[in-house]
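Values quoted throughout were computed directly from the atomic coordinates according to the rules given, and no laboratory measurement underlies them. Computed from a prediction, not measured in an experiment: that's the story for all the values here. Here the Cβ positions follow ideal geometry from the backbone for every residue, glycine too, while neighbour counts run over all protein chains shown.
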Amino acid sequence: MYGARKSALTRHAGGLALAVFTLGSTQALAAAAVDTNNLGPVDVELPTIIAPMIVDSELENYAYITISLKPASPNGVLVIREKVPFLQDAILRELNGATIVKADDPKAVDEVGLKARLLTRVNQILPPGTVAELTFDPIVVAPILLQR
């Protein structure tokens, strides 16, 4: 009786091992069939930064700015992610160092000028050619609420 039970258990265990092996190799083949070389780089979105909008030495508004960096190659994603704290620091310093306000519209951010300034900073931190493009999510301008 013990021998028959052991034989049945051995058969079931062998069948289970075969099923697991077959499933595992099917998943491995499916994963190998996906060509990750042609997926292209993924944009790296930096955390939102709040920047002051100063007009005539007075704080008028705050701008909520979210920046995405498009790597030039798939390997660039990891390089950028490793440097996110340094990038945040440099960007924050740039946003606070000079005005971000458009000359002709004090309630708008000069996105073209700001993009050029931030790309210069980003390229000082990352290896040359790491970033292909810097983009902004829609910038939200929030007025200052003064308490009286």
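Here are a few things to note about the model shown:
- Under the convention that each Lys and Arg Cβ holds +1 and each Asp and Glu Cβ holds -1, the size of the dipole of the range 44-143 around its Cα centre is about 420 debye.
- Comparing the range 44-143 with the 2.2 N^0.38 Å rule of thumb, its C-alpha radius of gyration ratio is 1.08 (two decimals).
- Calculated FRET efficiency for the pair Val79/Ile54, C-beta based, R₀ 35 Å, to 0.05: 0.55
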